Amino acid sequence: MEKTWIVVADASRARFFETIDDDTLRELEDLVNPAGRQQDRDLRTDNQGRYYGRGEQMQGHTAAPHTDPVTHELQLFAQRICRHLEHGRTEHRYERLCIIAAPKVLGLIRQHLDKTTRRLVTEELDKDISNLDERAVQEYFQRHFREQ
């Protein structure tokens, strides 16, 4: 039987499971992203960034950030999830990958996942079930992916 990893993620948590047999999952790891629960105002500093011009007129300017702090933290978390998946792949810990994630998180995982690891993705679902207990995640996985 091919070993499958199942990732269940939202903005503040990513849980990694592996299949033991067709009916059983085991939780391997739980990555937490405390910044995923923060509001934009809690992550933002008071002042905008500053830069100075070149040449004869050295005037100071302020610059608005290109992305808001919440989105930036979410991107960093998605990259962390992808690094964990890539590490598992290079250690041959799984042959198939299933991703169940909140829609925005799933999009960022798709964006940051390397091509080799992406080829192992057999199932994707844009659903947030990260708050379910291990047994409920197993039942959800069986109901949505094993019946296909």
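Since every read-out is calculated from the coordinates, none of them should be taken as a lab result. Model, not experiment: these values are computed from the prediction. Here the Cβ is made from the backbone with ideal geometry for all residues, glycine too, and neighbour counts use every protein chain on show.
Let me spell out the model: positive unit charges on the Cβ of Lys and Arg, negative unit charges on the Cβ of Asp and Glu, origin at the Cα centre of the range 80-148. What dipole size does that give, in debye rounded to 20?
On the way: 14 positive and 12 negative charges, 58 e Å.
Magnitude of the dipole: close to 280 debye.
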- Query: What length, rounded to one decimal in nm, is gained on full extension from residue 3 through to residue 72, with 0.36 nm per residue of separation minus their alpha-carbon distance?
  - Reply: 21.6 nm
- Query: Restricting attention to the range 86-148, which trypsin sites (Lys or Arg not before Pro) occupy a DSSP loop and are surrounded by at most 11 other Cβ atoms within 10 Å?
  - Reply: 119
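Would you mind counting up the charge near residue 127? Only other residues with Cβ under 13 Å from its Cβ, with Lys and Arg at +1 and Asp and Glu at -1. Spell out each step's value before the answer.
Values: positive: 104, 143; negative: 10, 123, 124, 126, 128.
Around residue 127, the charge tally is -3.
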